[in-house]
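The structure appears right after this line, and notes come after that.
The values are calculated or read from the model by the stated rules, or taken from the named source; none is laboratory data. What you are looking at is a predicted structure, and each value in this text was computed from that prediction instead of being measured. Cβ: placed from backbone, ideal geometry, glycine included. Neighbour counts: every protein chain shown.
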Amino acid sequence: MHVRHAPIDVRGAHCSDERMEAVVDVDYVVVGAGAMGMAFADALVAHDPDVSVAIVDRRHGAGGHWLDAYGFVRLHQASAFYGVASTLLGDGRTQEEGPERGLHERANAAEVCAYYARVLARLTATGRVAFHGRSEYLGDGRITSLLSGARFHAPGARIVDARYLSPDIPSLTPPPFAVEDGARVVAVNELVRLGEAPERFVVVGAGKTATDTCVWLLQNGVPPNAITWVRPRDPWLLNRAVVQPDPAIFLGMAADTMAAAAAATSADDAFLRMEDAGIMLRVDPSVAPTMAKTPTLAVWELDLVRQIDDVIRRGHLQAVAPGRLAFADGDVRVPAGALVVHCAAEGLKYPGVRPIWAPDAITPQPVRVGFPCFGAALAGYVEATRDDDAEKNRVCRPSPYSNTPQDWARMQVIGGDASLAMTREADLRDWSNTTPLNPARVSPDRADDPAVLAARARLKESIAPGRERLAEFAGTG
Ligand SMILES: Cc1cc2nc3c(=O)[nH]c(=O)nc-3n(C[C@H](O)[C@H](O)[C@H](O)COP(=O)(O)OP(=O)(O)OC[C@H]3O[C@@H](n4cnc5c(N)ncnc54)[C@H](O)[C@@H]3O)c2cc1C
């Protein structure tokens, strides 16, 4: 909750001497105008009528990594789950054509960026939010413009660290393998600019970006046998059909997840049971996945990528030379003209959960597992409506991202407890039921829907035994 109101107009401030700083009188400095910073700022401004905020980003606009995304990227989840609480991303439409008919729309990068530009324009039009684009946050409330060199200081402002979980992306991260002279290696972004078909594509990475790349190449007529997929680990993927903005579907999936966990003998077994229940997917049914970041994938995409037979599972690629891929246990020959596509940046980050409210910074993180925008928006709402940091941390707790099946179990336990802490507060329950960012939202017109009631009843039955087993698998039970 803010303590003072200050009109903000720092855009015209100018310092001729580089060492001089213009003072910015704001209540908050939000570092990062990506999904986390924007969701936090939007909810804060919506629920505290007097608050003033400076949003700072190295990039020129809002949208974070989406401003540098590859051309064929889309949200992997429904648009409704993404963005800020006050403004729906997209039209709430169900896809009527194409392979994903019946599933909720998913925005592409241009749509995500246009959305954030509109949200930012609306926030700045309130006169209570100033945006410092192409500016570096230096720490200690200090900001410098990367264009003019002007320096700003916001003494006393509360710092919101909205870069804590910022993903690495291939276009801005060097490949995690050596590239010898003459080898052809590109970041995934370059694919849309290729002038000529290479003899072979070598897709490096096991995550969502690599999967997207294989899908896109195959959709565009590249034969499956012209693709080599370097997949150090096999991933578990969430079936997009069960992660939809429909409470009967979402709560039904949560119930099935907990039932699978309750009956399981290990975290790996829980995944196999979830696969049987239609929740989890894997590319190769003969391989036990060890990676559980669980982005969503549609079954039509799975059918496509299963056509790729040339999968290299020899750990991490160490080096690429013309005609040769080097691994710790030896080399693999590829055609000399092969194009190696770098899809191997660390999208999800694991810096450890930290209290969202700490003396040095407010650090928005996911609360409900897998829904970072909802978590950041919730933190903004909590900040606007409560005074005491200990109380804020009590009702709004962070959850981590997961990497392996074991830490997926841990994430579910922590995230389940965080969701429970939130829903015990009447106003948080009410607020979270107003925003589509919350995947468990039940809108008033669905409250008595028998399918929703049945899913809720099933979840209620399986949640305690499921949590108990998951805590055991996570080593916390
Ligand atoms: C391709 C892709 C697709 C994804 N799809 C989904 C999805 O469908 N649904 C979902 O929920 N999640 C998705 N994610 C996961 C990801 O957590 C979210 O996309 C989210 O956008 C991450 O936002 P962020 O604000 O944490 O990071 P970013 O978008 O990286 O924003 C952080 C910002 O901080 C700025 N910054 C950092 N340091 C400084 C500094 N010192 N000074 C000034 N500025 C600084 C950066 O310039 C950056 O713009 C996806 C991720 C990727 C990579």
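In region 151-195, which residues are within 30 Å of ALA384 (Cβ to Cβ), basic (Lys, Arg) and more than 16 Å from the ligand (Cβ to nearest atom)?
ARG158
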Do we find a residue being exposed (fewer than 14 other Cβ atoms within 10 Å of the Cβ) and basic (Lys, Arg) anywhere in region 433-456?
no
May I ask you to list the residues in region 432-477 that are among the β-branched types (Val, Ile, Thr) and not in a loop (DSSP other than H, G, I, E, B)?
VAL452, ILE463
Does VAL188 qualify as being under 21 Å from TRP300 (Cα atoms), surrounded by 22 or more Cβ atoms within 10 Å (Cβ to Cβ) and of a type outside the set (D, E, K, R)?
no
So, ARG58, is that one farther than 24 Å from VAL369 by Cβ and in the same structural domain as ARG128 (by TED's automatic domain parsing) or not?
yes
Residue count, region 212-265 (criterion: within 16 Å of the ligand (Cβ to nearest atom), out of contact with any helix residue (DSSP H, G or I) (no Cβ under 6 Å at 6 or more places or on another chain) and hydroxyl-bearing (Ser, Thr, Tyr)):
0
So for region 97-110 (the condition being within 27 Å of SER145 (Cα to Cα) and of a type outside the set (S, T, N, Q)), does at least one residue qualify?
yes
Region 134-156 - residue that is surrounded by 20 or more Cβ atoms within 10 Å (Cβ to Cβ) and hydrophobic (A, V, I, L, M, F, W, C) and, of those, farthest from the chain's Cα centre (by Cα)
ALA150
Quick one: would you say VAL332 is of a type in the set (Val, Ile, Thr) and either more than 16 Å from the ligand (Cβ to nearest atom) or out of contact with any strand residue (DSSP E or B) (no Cβ under 7 Å at 6 or more places or on another chain) (or both)?
yes
Quick check on region 374-392. Is at least one of its residues free of Cβ contacts under 8 Å to residues at least 60 places away in the same chain, within 16 Å of the ligand (Cβ to nearest atom), of a type outside the set (A, V, I, L, M, F, W, C) and outside any helix (DSSP H, G or I)?
no
Of the conditions (1) within 25 Å of TRP216 (Cα to Cα); (2) surrounded by 19 or more Cβ atoms within 10 Å (Cβ to Cβ); (3) in contact (Cβ under 8 Å) with a residue 40 or more places away in the chain; (4) not small (Gly, Ala, Ser), the single one that VAL129 does not satisfy is (1)
Restricting the search to region 139-150, which residues are within 12 Å of the ligand (Cβ to nearest atom) and over 19 Å from PRO359 (Cβ atoms)?
ILE143, THR144, SER145, LEU146
Among strands (runs of 3 or more DSSP E) lying entirely in region 185-263, which contain 1 or more residues that are farther than 22 Å from LEU172 by Cα and of a type in the set (A, V, I, L, M, F, W, C)?
227-230, 236-239
What's the total number of residues in region 29-61 that are within 8 Å of the ligand (Cβ to nearest atom) and not in a helix (DSSP H, G or I)?
8
Among what's in region 297-318 and is among the charged types (D, E, K, R) and assigned to a loop (DSSP other than H, G, I, E, B), pick the residue that is surrounded by the fewest Cβ atoms within 10 Å (Cβ to Cβ).
ASP309
Which residue pairs have Cβ atoms closer than 6 Å, lie 6 or more positions apart in sequence or on different chains, and pair a first residue in region 227-245 that is over 30 Å from SER443 (Cα atoms) with a second residue that is of a type in the set (S, T, N, Q)?
ARG233/THR290; TRP236/THR294
Give the residue that is surrounded by the fewest Cβ atoms within 10 Å (Cβ to Cβ), with candidates limited to residues of region 354-366 that are more than 10 Å from the ligand (Cβ to nearest atom) and part of a loop (DSSP other than H, G, I, E, B).
PRO359
Matching entry among ALA384, ALA451 (being closer than 23 Å to VAL160 by Cα and among the hydrophobic types (A, V, I, L, M, F, W, C))
ALA384
Across region 319-335, what is the total count of residues that are without any contact (Cβ under 8 Å) to a residue 60 or more places away in the chain and in a loop (DSSP other than H, G, I, E, B)?
3
Within region 342-353, can one find any residue that is of a type in the set (A, V, I, L, M, F, W, C) and away from the ligand (no atom under 16 Å from the Cβ)?
no
Filtering region 63-77 for residues that are in a loop (DSSP other than H, G, I, E, B) and either over 21 Å from ALA110 (Cα atoms) or near the ligand (Cβ under 8 Å from one of its atoms) (or both) leaves a count of 7
Selected residue [in the same structural domain as ALA210 (by TED's automatic domain parsing) and of a type in the set (Val, Ile, Thr)] from ILE362, ILE312:
ILE312
